[in-house]
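Worksheet for the structure shown next.
Please treat every number below as a calculation from the coordinates, not as lab data. Note that the structure is a prediction, hence the values are computed from the model and not measured. Methodologically, a virtual Cβ is constructed for each residue, glycine included, from the backbone with ideal geometry; neighbour enumeration extends over all protein chains shown.
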Amino acid sequence: MTVLLNLLFLMIAATGASVVLIREPRRQVFAIALNGLVLTLLFTALQAPDVALSELAVGTAAVPLLFMIVLSAVRTAEPGQDTQSGEDA
Amino acid sequence: MSPRLRLCVLALAALVLLPCAASAIGALPEFGGRIAAYGAAINAIAPAERHVANMVSAINFDIRGLDTIGEEFMLLAAVTGTVVLLRGSRGEGTTDRAVRLPGRAAPRRSDLVVLACRVAGPLTALFGLYVVLHATVTPGGGFQGGVILSSATLLIYLGDGYAAWRDSIRSHWLDGMEGGGALLFVLCGLAPMLVGGAFLENLLPLGRFRDLFSGGLMLIENLGVAAAVTGGFTQLVLEFMEETREPDQPDDPDGATP
């Protein structure tokens, strides 16, 4: 159990740091989702299934999704490209 | 404020606060230690007096139900605030039609993605309903189940596109679910007062321990939370999506729209 917990702590430190260190917003969203997933595992390991379920639903699904939508809102065209002719998906 | 002054303020604050923080951290029970006083009390009371197997639900909906009403209205206020901000330029004129942003390519989904979403969507919705209904028996409850239900509708968007998603949900229904859920919770609090009980007093039959219908009033409160969370989260996503698209018709040139 201690080994598992320490492993999870390391993973949380790694994914948390990656959220800060990754500078590209779209990749950052996936880093946040991954961090939420590891936190979910930690809460499960600490026998808090209720909190784990909340973290999974909010931290891994809802929040990254909102970020994705917002990013798609601010990036409708590449910089320097005309908004009307932009084909950026 | 110059950077130097800022550093001085930070140093001053750290000088005062760091010893406090250190002593507080030092006094914490060690990691994994048992802080059993409250937990043991709940474990002793809840199954006997509320016939509920999920202690977290017993705390949320019964023992500290007033707290949950506060959280419910925090969610309502947050969603309302976000919607008001996002609807700024569109106003009340919502449309049930999916609006497209000109110039943005809509990538075709592969058949596999469509199939996966059509299979996973109903299953996710079913799981969400399960989590909502079993609030008093297994981990989960209205909040978790509500978020799962709302992400189940989003699988329609992922698989069949924005227009199909807008066809399957209605903005006004979501408003009704969000507000109605919070209202239902408050009514659950007020109803016992009609028959002389206290606010949120659990007067309904409590049912059998470990049964789906256990917990009495908690079940109804839980449904209220589920409706509010499902409506609120879906509405939030919908408003963000609409914000990324062009308004239905061009703004009035005379400035009639603010």
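Structure notes:
- In this rough spin-label picture, where each label sits 7 Å from Cα along the Cβ direction, the B:VAL186-B:ALA41 distance is 3.0 nm.
- For peptide B:130-141, the mean count of partner chain Cβ atoms within 10 Å of a residue's Cβ comes to 2.
- Shape summary of chain B, radius of gyration then Dmax from alpha carbon positions: 23.9, 68 Å.
- In plain terms, if you count all Cα to Cα distances in the range B:26-162 and split them into 5 Å steps from zero, the share in each step is 2, 8, 10, 12, 13, 14, 12, 10, 7, 5, 4, 2, 0 percent.
- Selection from B:GLY231, A:LEU10, B:GLY216, by position along the positive dipole direction of the protein assembly as shown (Cβ): A:LEU10
- Stokes-Einstein D for the protein assembly as shown, Kirkwood Rh over Cα pairs, 10 °C, 1.306 mPa s (µm²/s): 68 µm²/s
- Relative exposure of B:THR68, A:THR60, B:THR80, judged by other C-beta atoms within 10 Å (fewest first): B:THR80, A:THR60, B:THR68
- When the inverse distances between all different Cα atoms of the range B:170-226 are averaged and flipped, the Kirkwood radius reads 12.2 angstrom.
- Size of charge dipole - chain B - debye, nearest 20, with Cβ of Lys, Arg +1 and Asp, Glu -1, no other charges: 780 debye
- Given charges at Cβ of Lys, Arg, Asp, Glu: the protein assembly as shown dipole, positive-most of B:THR136, B:LEU17, B:ALA53: B:LEU17
- Modelled label reach - A:THR2, point 7 Å along Cα→Cβ, the range A:28-48 residues with backbone N closer than 19 Å: A:45-47
- Percentage of interatomic Cα-Cα distances in the range A:2-74 larger than 16 Å: 50 percent
- For the range B:59-146, applying the loop criterion from DSSP together with a ceiling of 12 other beta carbons within 10 Å to the trypsin sites (Lys or Arg not before Pro) yields B:ARG97, B:ARG100, B:ARG108.
- Loop-resident trypsin sites (Lys or Arg not before Pro) (DSSP state other than H, G, I, E or B) in the range A:1-64 with no more than 12 further Cβ atoms inside 10 Å of their Cβ: A:ARG23.
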